[in-house]
Amino acid sequence: MKTYEALFIFSSQHKEAELDKVVDKAKDEIVRLGGDITGTRVLGKKTFARPMKKRDTGNFIRVGFFLDASKIDALLARYKLNEDVFRVQITVADPTKMVVDKVEDPVEAEA
């Protein structure tokens, strides 16, 4: 399995609660193909340099994951069918710099 990072752009029309559901759906596609999610980072709502398909903003989310290299094309095909995903870019990630969810240490949380 290789280490990948996906940058998703979702429509800015989604409210925060709806956005969480849409992101979970996108992550479920990775898991369905046998991948493991390492982390998610919300980059926020950003303005495009120029309008795309009559839209000028989008919600940017970065997801780190492990997946077999032969399944990337199938994953991209699934995202093309998903109307909630405006754009997606998948790159091979450097394992030392990839997105990882931080697990809070209970000892540090109490201090």
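Where a number appears in this text, it was derived from the coordinates with a stated rule and is not lab data. These numbers come from a predicted model, not from an experiment. Please note: Cβ atoms are built from the backbone with ideal geometry, for glycine as well, and neighbour counts cover all protein chains shown.
If you place +1 on the Cβ of every Lys and Arg and -1 on the Cβ of every Asp and Glu, how big does the dipole about the Cα centre of the stretch 2-86 come out, in debye to the nearest 20?
Working: 17 positive and 13 negative charges, 77 e Å.
Around 380 debye, computed over the stretch 2-86.
If we count every other residue with Cβ under 10 angstrom of V42's Cβ, Lys/Arg +1 and Asp/Glu -1, where does the sum land? Don't jump to the answer; show the numbers that get you there.
Numbers: positive: R41, K45, R62; negative: E16, D20.
Taking every Cβ under 10 Å from that of V42, the sum is +1.
Averaging sequence separations of C-alpha pairs under 8 Å and six or more residues apart, then dividing by the length of the chain, give the relative contact order as a whole percent.
43
How much net charge surrounds K71 when only other residues with a Cβ under 11 Å from its Cβ are counted (Lys, Arg +1; Asp, Glu -1)? Mind dumping the intermediate values first?
Details: positive: K2, R32, R78; negative: E29, D68, D73.
Overall, the nearby charge balance is 0.
All other residues with a Cβ under 13 Å from the Cβ of V22 taken together, and with Lys, Arg as +1 and Asp, Glu as -1, what is their net charge? Intermediate results must be reported in sequence, preceding the final value.
Values: positive: K15, K21, K25, K27; negative: E16, E18, D20, D24, D28, E29, E83, D84.
That sum, taken over residues with Cβ under 13 Å, equals -4.
So who's got an amide H within less than 5 Å of the one on K2, skipping anything under 5 residues away but keeping other chains? H placed 1.01 Å off N, in plane.
The answer is L67, D68, A69.
Considering the zone a paramagnetic label at A69 would reach in this model (a point 7 Å from Cα along the Cα-to-Cβ line), which residues of the stretch 1-31 have amide N under 19 Å from it?
Answer for this model: 1-6.
How many nm separate the modelled label positions at T47 and Q13, each set 7 Å beyond the Cα in the direction of the Cβ?
2.2
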